[in-house]
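The structure appears below as structure tokens.
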Amino acid sequence: MVSSLDFEPRIVAFLCNWCTYTGADLAGVSRMQYPPNVRPIRVMCSGSVDPMYVLKALLDGADGVLIGGCHPGDCHYVNGNYKARRRMAVLSAILDEFGIDSRRVWFRFISASEGALFAKTVRDMTDALRALGPNPARALWIA
Amino acid sequence: MQHRHVQHRGVAMKDLLLAVGEEGREKALARFLARLLETGVVDGLVVPAEAAPGVTSCVLAKDPRIVEEFGRPLAPVMTVSAARVVSEVVRKRPSGRVAAVLRPCEGRALVELMKLRQAAPENVVALGIDCEGTYDPVAYRAANGNADSLDMRQACRVCLTPAPLEDALPGVTLGLIGLDEREGVLVSVHGDLDPAVAAAVEELGLGDGEIAARKRREALGVLARQRQESYELFMAASGFDGIETFARQLAACTGCRGCRVACPVCYCKECIFDTDTFEYELGQFMRKARRKGALKVPSETILYHLTRMNHMSLSCVGCGQCEQACQQDLPLFRLFAMASRRTQAIFNYVPGRNLAEELPFTTFREEELEPR
């Protein structure tokens, strides 16, 4: 068992092209410090994140999944973020029902100008996952 | 579910009674259906028919004589959900109209399919029928259609909707619960049914069904309480302390996808799990195996089942066809019941309750859930 001290959580992040991905970029060009535990995947909208992608990440080695979308009213595709919120609510309910802690999945609204919020979110999530410990699904060979 | 408030369209019902003589209830019903088909108000009838001893399949009947002779509207087996059958028949937007004998779960699944645009309401006259439960079709066939020594399917034993949800679809409800054979069959015509069909039904020489309707309502009340109790007991015995326990329950899955084929609401023309997204190269298998130490193949067992729950549990009507189809006898009904109880509660959604209600995934509210 890996102790929580030397455990480095792996975060897969699905980031909306129009907001959070640009926010993450801003955090980078602004030289903001945040843990290198996050693997960003650029998507066109948080509404395009099928729960299957999140599940696949969790079953194949991620300790947590971050989904970053636009603030209410700001969606480039009008309402994809609201629909994503419903999908993620259903996903969380199912994860909890079958023994994967839904606190491993974060859905956040982070805009293109909120580089600092992105950096803080990654810091907070890394800390929270460190406290939760490694994702038990990672070592599950029935995946 | 029982405790949820059912929104009524306020549909008026006309309660009629189909008399049952020496021939028995099923024959009387088959004759009634044959005569309805004969009137020509519908172009066809979807009804279970006996194909061989102990084997009933849904047929699309054109000839009333076949309905009368082979029709088994009360067959206690659900080999294929009639929702799937109706959707297959009318999916391509025909000009015609079929009547369909639908158990409560089949009627609810059909409403979900209509919301998913897999069937059009104007092409269907729903003949909802009370359900007294079904048996495993393989066991029923082996027993040559004699159910005496068979147990009812788990899904039916804890079913919370033994009677059709009358507000779901315009049509006719065929009531059996609380009425013994000689008391006849209650034929309730929904007020918003196409007047031509309603008139044709009423002209089939039916009697007054007011007393029968009252008797049935009382019996349904008692049954609802019993079923709620069975359901709570069943669900209390469910639960997982971690993903490992859950995975072990599904370890025997062969990946045959039989559950998906049998599911009346799983509708995609091409399922993502059949695409080359999941045709891995050796390197991908090796990477996964290295990470986990070993990998069960066929792989993506848990991903498949959890994804299906994410996509379909909101529309799950609890018919148990997934478990009935499972060659490994996996507890799929229980797993879907656990998932759908949780997910449907989020949106106070009852699948098949009302055609006018939107599918939760196709809509949203600005002020709901997290984050805000």
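Listing for the model above:
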| item | result |
| --- | --- |
| Cross-link table B:14/B:92; A:56/B:296; A:56/A:83, entries beyond 26 Å C-alpha to C-alpha | B:14/B:92 |
| Per-residue ³J(HN,Hα) for the range B:94-101, Karplus 6.51 cos²θ - 1.76 cosθ + 1.60, θ = phi - 60°, Hz, x for Gly and Pro | x, 7, x, 9, 10, 8, 9, 7 |
| Cα lying deepest toward the dipole's positive end in the range B:270-372, options B:343, B:309, B:299, charges on Cβ | B:299 |
| Sorted by Cβ density within 10 Å, fewest first, the residues B:11, A:43 | B:11, A:43 |
| 222 nm mean residue ellipticity, helices alone, for chain B (DSSP H n ≥ 4; -39,500 (n - 2.57); rounded to 500) | -11500 deg cm²/dmol |
| For q = 0.15 Å⁻¹, Debye-computed log10 I/I(0) when each Cα of chain B counts as one equal scatterer | -1.42 |
| Leading residue at positive end of dipole, chain B (Cβ point charges), from B:171, B:206, B:19 | B:171 |
| GNM flexibility winner over chain B from B:271, B:326, B:259 (Cα, springs under 10 Å) | B:271 |
| Other-chain or far-sequence residues with amide H under 5 Å of residue B:300's (modelled H) | A:143 |
| Largest to smallest principal axis extent of the C-alpha atoms in the range B:83-136, angstrom | 34, 19, 17 |
| Positive-end extreme of charge dipole, the range A:1-64 - chosen from A:30, A:41, A:58 (charges on Cβ) | A:30 |
| Cleavage-rule hits, trypsin sites (Lys or Arg not before Pro), the range A:1-81, DSSP coil, Cβ neighbours within 10 Å at most 10 | A:31 |
| Amide H within-cut-off set for residue A:41, under 5 Å, with H built and near neighbours excluded | A:13, A:14, A:15 |
| Among B:178, B:71, B:21: highest mean-square fluctuation, GNM of chain B, C-alpha pairs under 10 Å | B:21 |
| Residue B:328-residue B:281 FRET efficiency (beta carbon distance; Förster radius 30 Å; 0.05 resolution) | 0.60 |
| FRET efficiency estimate (nearest 0.05) - Cβ-Cβ, residue B:26 to residue B:225, R0 41 angstrom | 0.90 |
| Translational diffusion coefficient (Stokes-Einstein; Kirkwood radius from C-alpha pairs) of the range B:1-150 at 25 °C, 0.890 mPa s, in µm²/s | 150 µm²/s |
| Test item: Cα-centred dipole of chain A, Lys/Arg +1 and Asp/Glu -1 on Cβ, debye | 200 debye |
| Likely footprinting exposure, B:63, B:167, B:148, B:43, fewest C-beta neighbours within 10 Å first | B:148, B:63, B:43, B:167 |
| Rounded D (µm²/s) - the protein assembly as shown, Kirkwood Rh over Cα pairs, Stokes-Einstein at 4 °C, 1.567 mPa s | 52 µm²/s |
| Radius 12 Å from Cβ of residue B:140, net charge of other residues (Lys, Arg +1; Asp, Glu -1) | -1 |
| Shielding of A:77-89 by partner chains, average beta-carbon count, 10 Å | 4 |
| Gyration tensor verdict on the range A:31-78 (Cα atoms; rounded if a/c is under 1.5, prolate if a/b is larger than b/c, oblate otherwise) | oblate |
| Neighbourhood charge, 11 Å Cβ-Cβ cut-off, centred on residue B:337 and excluding it, Lys, Arg +1 and Asp, Glu -1 | +1 |
| Cα-based shape type of the range B:209-285, given that a ≥ b ≥ c are square roots of the gyration tensor eigenvalues and the cut on a/c is 1.5 | oblate |
| The range A:45-143: proportion of alpha-carbon pairs further apart than 18 angstrom, % | 49 percent |
| Partner chain coverage, peptide B:238-247 - average Cβ within 10 angstrom | 5 |
| Net charge, residue B:232 excluded, C-beta distance under 12 Å - Lys, Arg +1, Asp, Glu -1 | +2 |
| Point-charge dipole on Cβ atoms (K/R +1, D/E -1) for the protein assembly as shown, about Cα centre, debye to 20 | 1680 debye |
| Dipole magnitude of the range B:250-349, debye to nearest 20 (Cβ charges: Lys/Arg +1, Asp/Glu -1, about Cα centre) | 440 debye |
| Most mobile of B:264, B:73, B:298 in a GNM of chain B (Cα contacts under 10 Å) | B:298 |
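Rule-based calculations on the coordinates, nothing more; no lab input. Nothing here was measured: the structure is a model prediction, and the numbers come from that model. Here the Cβ is made from the backbone with ideal geometry for all residues, glycine too, and neighbour counts use every protein chain on show.
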